[in-house]
Amino acid sequence: MLLARVVANVVSTIKEGSYQDRKLLVVQPVDQWGRDVGSSLLVVDMCQAGESDHVLVLREGNSIRSLMGLPKGSVDALAVGVVDYVQMSGRQVRLPDRDDVE
């Protein structure tokens, strides 16, 4: 799993069957401080996330296919939870919005 920030919604009128009737998001992986790490990726939204939300992203094919009920699906990444905060050393740390990151 990885932590990511939702950057944008993807609008597509024609999709491959695995993506039909599903919301797609572009997410940017971040570290525990909210700083960008790596390249952005496309995910299927299973947690009703919105732009600038922080989400947990699952990238394990068998688990994704099981959660979506698609034994032969072609989904590579799935947003499975919205993150409210990160807890480190017993303290709650709010993840910054994109504009707040140095």
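The values are calculated or read from the model by the stated rules, or taken from the named source; none is laboratory data. Model, not experiment: these values are computed from the prediction. When we count neighbours, we look across all protein chains shown, and the Cβ atoms used for this are built from the backbone with ideal geometry, even at glycine.
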Completion exercise
Arg22: passes all of (1) modelled with pLDDT of 95 or more; (2) under 23 Å from Gly73 (Cα atoms); (3) not aliphatic (A, V, I, L, M) but (1)
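Name the residue that is nearest to Ala49 (Cα to Cα), counting only residues in the stretch 5-37 that are among the β-branched types (Val, Ile, Thr) and buried (at least 17 other Cβ atoms within 10 Å of the Cβ). Spell out the reasoning first.
Taking the stretch 5-37 as the starting set, the residues that turn out to be among the β-branched types (Val, Ile, Thr) are 6-7, 10-11, 13-14, 26-27, 30, 37.
Still in the list and also buried (at least 17 other Cβ atoms within 10 Å of the Cβ): 6, 27, 30.
Working: Val6: 8, Val27: 11, Val30: 16 Å.
For the stretch 5-37, the residue satisfying everything is Val6.
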Practice task
Being at pLDDT below 90 and outside any loop (DSSP other than H, G, I, E, B) narrows it down to one of Ser74, Ser66, so name that one.
Solution key: Ser66
Problem - Verdict on Leu67 being in contact with a strand residue (DSSP E or B) (Cβ under 6 Å, 6 or more places away or on another chain) and of a type outside the set (D, E, K, R) - result: no
